[in-house]
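Colleague: Just dropping this structure here.
The values are calculated or read from the model by the stated rules, or taken from the named source; none is laboratory data. Remember, predicted model here, so these are calculated numbers, not experimental data. Quick reminder, even Gly has a Cβ in these numbers, built from the backbone with ideal geometry, and neighbours come from all protein chains shown. Surface accessibility is based on the protein's heavy atoms, side chains included, excluding ligands, DNA and RNA. Shrake-Rupley method; radii C 1.70, N 1.55, O 1.52, S 1.80 Å.
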Amino acid sequence: MSTSLRDRLFLLRELTLRDLKLRYIGSLMGLFWTVVHPVFMLLLYTFVFSQVIRPGWPQAQTVGSFASYLFAGLLPWIQFHESITRCATVFIENGNLIKKVKFPVELLPGSTVLSSVSSLLVALAVFVAILFFNSGAVSLSLLWLLPAILLQTVGTLGAGLLVAGTNIFMRDIHQFLAMGFPFLFWATPIVYPPASVPIRYQWLSGANPLTHLVGLYRAALLGADLPGIAPLVYLSLVSAGMFIAGWALLRRTRGILSDYV
Amino acid sequence: MNAIELDRVTKVYRVYQGSRGILKELLLRRQYHRPFWALKEFSARIGRATTFGVIGDNGAGKSTLLKLITGTTAPTSGTVRTSGRVASLLELGAGFHPEFTGRENIHFTAATLGVSRQEARAREPQIIEFAELSEFIDQPIKTYSSGMYLRLGFATATAFDPDVLVIDEALAVGDQNFQKKCVDRIHHFKDAGRNIVFCSHNMYQVRQLCDQAVWLHRGECRATGPAAEVVEQYSDFQRESRAGTRPAGTLHPFSSIESVALTDLAGQPRSQFLTGEGLKLTVRARFRAASQPNLGIAIIRNDGVVCYCANTVEDQFHLKEEKNGICSATLEFSQLPLLSGRYHFSIATTDERRLQAYEIMDSTCSFIVRHSGSDYGLVRLAHTWK
C-alpha cells in the first residue's frame, strides 16, 4: 500500500505548517522573526561594509543602494544556509516518526526546505515593498524572481536530501558543513561585487552556482544585468542534478533508514 | 484476496563494529559488518477477518515481523503486501509532538495515516470523548500525564477504521476502566471482521484471541496454523528447554550454551573436591556467528570473590567442533589449589574480541572444596621458607 500523491501533498503541507509553527511557537513575536532576522543581518552587514570595510561597488554608490545589493544577495544565502543546516539533522530529530510511524521520509527534508522558502517569500515581500516605497514603481524584471525561487527550491531540496541521507550513515557531516559554508559564502559575491574577483579566480566564482543564483536575484530585484544564458543553463543543470542525486540517494536508503536513525 | 501477504521475506540487520564501519565499507568495498538475520525467508498469507498471533522467544523476530507489516522498515528481500489502512498500536502516540496541542496532534496523526481533513474533523469529537480528554484537548501534549498521552494515542490510532490492527501484548493503557475500553474496542474490530496481528508471550491470550498463529524461532517459522495447535507446540518446546540446563540469560541469539558438566579427571560427575584434586568442566555451546567465538569460565566463591578466569581466546585454544554447529571445550585443573569453601562457575560466550557478550550463565555447577591441614586463605600458593 503506497500512499497516493494527494495524501503526500496533504501531509507535506501539514508538516510544513507544523515546522513553521514549531519555529515560532511560544516565541514573543511569532512569524515576525522571519522579517526581523534578515533585516537585522542586513543592518549589520550594511554597517560593516559601508562604515568599516568599503569593497567599492560600482553599481552602488550610496549606503542605501549598497544595502539593497547586499540584501538581494543575502536573502537567498540565508535560506540556503538555513535549509541545509536543518536538513542535516532532520532525520535524526524526527527519528520517532521514521522509526515508529509509516512515513514517506522524503517529506521531512521537503517540508524543512518549504518552510524555509516561505520565510524567504515573506522577506522578499518586505524587500519588494521597501523598494516600491523608495522608487514608487514596480519593474517587470521582478518576474525573474519566479525562476530564481524555483531553481533555488529545487537545488536546495536536492542538496538537503543529500545531506540528510548522508548524515544518517556518517554523523560527522556537520564538520564538513562547518567548513563548507564559510567557503561557499566567501566564494559567492554577496558582500563584494562580482567584478572585484581577480581574473584568475573568475573560474571559481563562475563554477559556483550560487554566484549565478545571486545574480539572478539581483537582476530580478534591482534590475542588474542578467547572468547570461550559459550561467543560467548551468545553474538549472546543477539544481536539477542536485535534485536527481538527492532523490537517488533517498530511493536507495529509504527502506533501511529506520534501522540506522 | 488476502489482507496481508508476505512472500519469502528476509530482514538482515547489519551489525557494525564501531561507527567507522559503514564508512570503511563504503570506501574499501569490504565487509565490515556482521549480518544479523532477524527474519529468514518468511512467507505467510493472512486472510481477511483473521486474528493472527505471533509467538516465540525473545529475539525470535517477532518485532521485526510486526514492523515489516506496519511498514516502518523495509524487507531486505521478499515482498510485504497489506491491503487497506494499517494502524499500529506498537508505539502509542509515536508521531505526537510535545509542543502541539492534543487536537493538533490528532490532525497530524490523521495526515500520516492518509486521512483527509474532513474525515479527521468528523472523527475528532469521538476521539476526544474516547480518550476522556475534553478539558485538556487544547493544551500542549507536553503538559499531559503519561496516561493521558497513551489514551490519546490509542484513541487516535484506532479512530480511522483501520483494516489491519497491529498490536503488541505490552498494550497497557491507563487505569482498569480505560484498559477495558481498549480491549472492548479491539474485540469490536475483531467482530467487525478486521484483521488483527497480535504478538504476545501470553499463551492464554493468544489462544483466546487468535484464529491463526505463527511460532518464530530465530527468524524462522517453526510452526504455523490454527492458533491452538501452534500454542501447544510452542508450549511443549518451552517446557523442554526449561527442563534442560538452559538458564534464562541469552543476551544474543548468536550463541546458546547447550550443556555444562562438572566432573573429576576420570570424567565422573562430582560436586565435592579436596584441595589438590583435579576437576574438569566441559561446556558445549552452539554458535551461530561466523567468526571465532570465545568461551570464558570463571570460578567464583560464594561471597562473590572471583578466584580465577580463563578464556579460550586468551589461551589461544580453538573450540572443538562437534556436529550440528555445536562446539565444546573442557577446562581442566589438574591440581585445584582452592581451599575450603563453596564455589561456583560463571560461563560466558563472547565474540573473539571479547567485547560483546552473547550469553552469560551465572552461578552454575556449584561445588564444595574441603582441605586438610591448617592452611588459611583463598588458595594454597606454592611457597618455601629460607
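Colleague: Considering only residues that are touching a strand residue (DSSP E or B) at 6+ places or on another chain (Cβ under 9 Å), aliphatic (A, V, I, L, M) and not in a helix (DSSP H, G or I), which ones fall in segment B:123-146?
Modeller: Correct list: B:137 only.
Colleague: Is there any pair with a first residue in segment B:308-324 that is over 15 Å from residue B:348 (Cβ atoms) and a second that is of a type in the set (Ser, Thr, Tyr) whose Cβ atoms are under 6 Å apart and which are 6 or more apart or on different chains, and what are they?
Modeller: Note: pairs meeting the criteria are B:320/B:328; B:322/B:328.
Colleague: Which pairs do you get when a residue that is aromatic (Phe, Trp, Tyr), found in segment B:155-167, comes within reach of a residue that is at pLDDT 90 or above and open to solvent by less than 10 Å² (accessible area, probe 1.4 Å), reach meaning Cβ atoms under 9 angstrom, with the pair 6+ apart or on two chains?
Modeller: B:160/B:110; B:160/B:120
Colleague: Sticking with this structure for a sec: Test residue B:90 against the criterion of being in contact (Cβ under 8 Å) with a residue 60 or more places away in the chain, more than 9 Å from chain A (Cβ to nearest Cβ) and either touching a Pro at 6+ places or on another chain (Cβ under 8 Å) or surrounded by 18 or more Cβ atoms within 10 Å (Cβ to Cβ) (or both), and give yes or no.
Modeller: no
Colleague: Hey, can you tell me all the residues within segment A:16-25 that are modelled with pLDDT of 85 or more and within 8 Å of another protein chain (Cβ to nearest Cβ)?
Modeller: Residue satisfying the conditions is A:18 alone.
Colleague: Taking the stated definitions as given, is residue B:11 of a type in the set (D, E, K, R) and either modelled with pLDDT under 85 or open to solvent by less than 10 Å² (accessible area, probe 1.4 Å) (or both)? Don't jump to the end; show me each part of the working.
Modeller: Working: of a type in the set (D, E, K, R): yes; either modelled with pLDDT under 85 or open to solvent by less than 10 Å² (accessible area, probe 1.4 Å) (or both): yes.
Yes; evaluated as a whole, the condition is true for this residue.
So that you can scan it fast, the table gives a plain yes or no per residue for (1) at the interface with chain A (Cβ under 10 Å from one of its Cβ atoms); (2) assigned to a helix (DSSP H, G or I):
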position: B:109; (1), (2): yes, yes
position: B:119; (1), (2): no, yes
position: B:150; (1), (2): no, yes
position: B:162; (1), (2): no, no
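Colleague: What about residue B:268, is it modelled with pLDDT of 85 or more and either out of contact with any strand residue (DSSP E or B) (no Cβ under 8 Å at 6 or more places or on another chain) or basic (Lys, Arg) (or both)?
Modeller: Yes, satisfied.
Colleague: Inside segment B:196-236, can you point out the residues that are assigned to a helix (DSSP H, G or I) and open to solvent by 60 Å² or more (accessible area, probe 1.4 Å)?
Modeller: Residues satisfying the conditions are B:204, B:205, B:207, B:208, B:229, B:232, B:233, B:236.
Colleague: Suppose we filter segment B:304-349 for residues that are closer than 17 Å to residue B:377 by Cα, in contact with a Lys or Arg (Cβ under 9 Å, 6 or more places away or on another chain) and open to solvent by 40 Å² or more (accessible area, probe 1.4 Å); how many remain?
Modeller: So the answer is 3.
Colleague: Looking at B:152, B:68, which one is buried (at least 20 other Cβ atoms within 10 Å of the Cβ) and within 26 Å of the chain's Cα centre (by Cα)?
Modeller: Values: B:152 fails: within 26 Å of the chain's Cα centre (by Cα).
Going through B:152, B:68 in turn, just one is buried (at least 20 other Cβ atoms within 10 Å of the Cβ) and within 26 Å of the chain's Cα centre (by Cα): B:68.
Colleague: May I ask you to say which residue of B:101, B:73 is under 22 Å from residue B:217 (Cα atoms), of a type outside the set (Gly, Ala, Ser), open to solvent by less than 30 Å² (accessible area, probe 1.4 Å) and within 12 Å of chain A (Cβ to nearest Cβ)?
Modeller: Being under 22 Å from residue B:217 (Cα atoms), of a type outside the set (Gly, Ala, Ser), open to solvent by less than 30 Å² (accessible area, probe 1.4 Å) and within 12 Å of chain A (Cβ to nearest Cβ) holds for just one of B:101, B:73, which is B:73.
Colleague: Select from segment B:38-65 the residues that are surrounded by fewer than 21 Cβ atoms within 10 Å (Cβ to Cβ) and of a type in the set (A, V, I, L, M) and list them in ascending order.
Modeller: B:44, B:49
Colleague: Let me ask something else about it. Determine if segment A:99-111 includes at least one residue that is assigned to a loop (DSSP other than H, G, I, E, B) and β-branched (Val, Ile, Thr).
Modeller: Among the residues of segment A:99-111, at least one is assigned to a loop (DSSP other than H, G, I, E, B) and β-branched (Val, Ile, Thr), which makes the answer yes.
Colleague: To continue, here is another question. Can you work out which of the residues in segment A:78-108 that are polar (S, T, N, Q) and at the interface with chain B (Cβ under 10 Å from one of its Cβ atoms) is nearest to residue A:167 (Cα to Cα)?
Modeller: Per the stated criteria, the residue is A:94.
Colleague: Considering A:141, A:111, which residue is within 14 Å of another protein chain (Cβ to nearest Cβ), of a type in the set (Ser, Thr, Tyr) and either in contact with a strand residue (DSSP E or B) (Cβ under 7 Å, 6 or more places away or on another chain) or touching a residue at least 60 places away in the same chain (Cβ under 8 Å) (or both)?
Modeller: The unique qualifying residue is A:111.
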